[in-house]
Amino acid sequence: MRFFIPQWESLQLSNRLESLSSAWIIAAVAFTASHYFLVYLIWTIILRNLGAQAAFRQTARVYALSLLAKYIPGNIAAYGLRTHLANKAGVPLIISMKSFLLEALLALAAAAAISVPGTMYYFPHFINVLSICLFGGSTLIAIALLVTKRFKTLGLTEFFLNTRKVTRSVNIFFLYLLVWFISGLGHWCLANALGVYTTGKFPELLVAVATSWAAGFVSFFAPAGLGVREAVLYVFVNSWMSEADVLLFVTLSRLLTFGLEVLCTLSCLLCCFGTRQMHKLE
């Protein structure tokens with residue numbers, strides 16, 4: 001905040017908001033919404049692969065209502081709330097724990113598959129920072145497994161040794177690659193709302209998006225990676241965006257995701273309220 005606010009005022013970025021391309025903004029919103037829908041769908045697929053029988057409507061409610069909880073520092077509230085709501089929807093606690101671990105492992109693996117080779121090619125001077133982030137993420141997951149002593153009791157060893165389940169995991173891994181591709185498209189549209197950026201910049205932006213998400217995810221202390229994700233994204237795109245564009249870009253990136261999360265939560269709450277009212281009338 002101490003960095004962005006003075007820069008925002010000195011560059012008079014509030015005036016720039018009026019010149020944004022509405023068509024590109026709409027496209028960015030559409031791709032970002034698709035990103036969230038696909039992440040929800042992947043989580044539901046993971047639950048079903050693990051044996052849960054929750055309906056899509058139930059998992060959609062659980063996913064939507066737990067989105068804003070991740071803005072509480074530590075991310076514990078988000079997973080705790082999702083576990084509680086999933087349990088009320090009939091998902092056993094052990095399956096919820098498995099799903100979160102698999103979700104984190106596969107999402108980080110897909111992000112790394114894009115970030116590592118992409119950073120080595122486009123941003124070789126950042127490879128040390130990326131290595132630290134990926135190592136930190138791997139370490140956090142390993143510590144979580146060791147502290148809880150749950151790797152074996154969760155059945156993850158058998159899961160990864162089961163050929164059929166390994167195939168399913170590979171399929172989910174490719175779905176996460178699609179998640180980052182869609183997210184990259186959303187950010188590319190957002191960048192074009194600010195200026196003219198050709199498709200040649202899309203691969204670099206894709207790498208920046210995947211890397212910034214990974215850095216924000218492993219920054220356990222930061223609510224929803226707030227600040228960390230923006231800082232990494234700023235560093236990666238600052239070399240080919242103007243100062244004004246890059247500040248607007250990282251700010252709008254967070255506002256766009258936060259706005260969609262609020263919208264999803266409110267929509268779900270309204271649907272739940274409407275359903276209860278209908279039941280009362282009946």
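Annotations
Okay, residues lined up against (1) under 14 Å from the mean Cα position of the chain (by Cα); (2) under 24 Å from L17 (Cα atoms):
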position	(1), (2)
L175	yes, no
E204	no, no
W213	yes, no
Y234	no, yes
L252	no, yes
C272	no, no
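- Qualifying positions in the range 213-236 - buried (at least 24 other Cβ atoms within 10 Å of the Cβ) and either among the aliphatic types (A, V, I, L, M) or out of contact with any Ser or Thr (no Cβ under 9 Å at 6 or more places or on another chain) (or both): A214, A215, V232, L233
- Selected residue (only one of G184, G216, G225 is in contact (Cβ under 8 Å) with a residue 12 or more places away in the chain, on the phi > 0 side of the Ramachandran plot and out of contact with any Pro (no Cβ under 8 Å at 6 or more places or on another chain)): G225
- Criterion violated by A52 - all others in (1) within 24 Å of A111 (Cα to Cα); (2) touching a Gly at 6+ places or on another chain (Cβ under 9 Å); (3) among the aliphatic types (A, V, I, L, M) satisfied: (1)
- Residues of the range 229-281 that turn out to be under 30 Å from F56 (Cβ atoms) and at pLDDT 85 or above, as a count: 19
- Residues satisfying the stated conditions in the range 1-36, i.e. over 18 Å from F202 (Cβ atoms), modelled with pLDDT of 85 or more and among the aromatic types (F, W, Y): Y36
The values are calculated or read from the model by the stated rules, or taken from the named source; none is laboratory data. Quick caveat, the model's predicted, so the values are computed rather than measured. Neighbour counts run over all protein chains shown; Cβ positions are idealised from the backbone, glycine included.
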